[in-house]
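Here's the structure, in structure tokens; my notes come after.
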Amino acid sequence: MSLKKKRRFARNYNGGPITISEVDNKISNNAMMDNYSVNGMNFITDFAVRPGSDISIEVLNQPLENNLPNFLNDFHAKVIWCEQLSDDAGYTIGVRFKKTMDQ
């Protein structure tokens, strides 16, 4: 039996820079996207973001040949989980988009 978690949507891996802002405090911070799917994203930051927080995400320096959907240029999401990486190397954060490619 596989221990690998089955995902509802396929993940697309893209290590591009993003900017995130918590809706409540409007402070922007840099982060690095790890992967995204039709309904969410995982990224790495130097700071924790509380699960349940609403954030705005902007994809930076998106190359023309990149296949990111247009709605990923600027959108809103809800933080689902936040875990500290080993050796205080930052945090990995999972979010669910408030709008999907189908909307």
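The values are calculated or read from the model by the stated rules, or taken from the named source; none is laboratory data. These numbers were taken from a predicted model, which means no experiment stands behind them. For neighbour counting, all protein chains shown are included, and Cβ atoms are generated from backbone atoms with ideal geometry for every residue, glycine included.
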Review point. Pick from Ala31, Ala48: which is closer than 20 Å to Gly90 by Cα, at pLDDT 90 or above, among the aliphatic types (A, V, I, L, M) and part of a loop (DSSP other than H, G, I, E, B)?
Key: Ala48
Point to revise | region 77-93 residues that are under 14 Å from Asp46 (Cβ atoms), paired with ones that are assigned to a strand (DSSP E or B) and among the charged types (D, E, K, R) (beta carbon under 9 Å, 6 or more apart) | key: Tyr91/Glu83; Thr92/Asp34; Thr92/Glu83; Ile93/Glu83
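For (1) over 16 Å from Ile80 (Cβ atoms); (2) free of Cβ contacts under 8 Å to residues at least 40 places away in the same chain, each residue gets a yes or a no:
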| position | (1), (2) |
| --- | --- |
| Arg8 | no, yes |
| Gly15 | yes, yes |
| Ile18 | yes, no |
| Asn30 | yes, yes |
| Ser37 | no, yes |
| Phe47 | yes, no |
**Study point:** Residue check for Pro69: at pLDDT 90 or above and either of a type in the set (Val, Ile, Thr) or surrounded by 11 or more Cβ atoms within 10 Å (Cβ to Cβ) (or both)
**Key:** no
Exercise for review: Provide a single number: the residues in region 1-25 that are of a type outside the set (Gly, Ala, Ser), modelled with pLDDT of 75 or more, under 16 Å from Phe75 (Cβ atoms) and in a loop (DSSP other than H, G, I, E, B).
Suggested key: 1
Review point. Taking region 51-66 as the search range and keeping residues that are closer than 17 Å to Pro17 by Cβ and polar (S, T, N, Q), which one is modelled with the highest pLDDT?
Key: Ser56
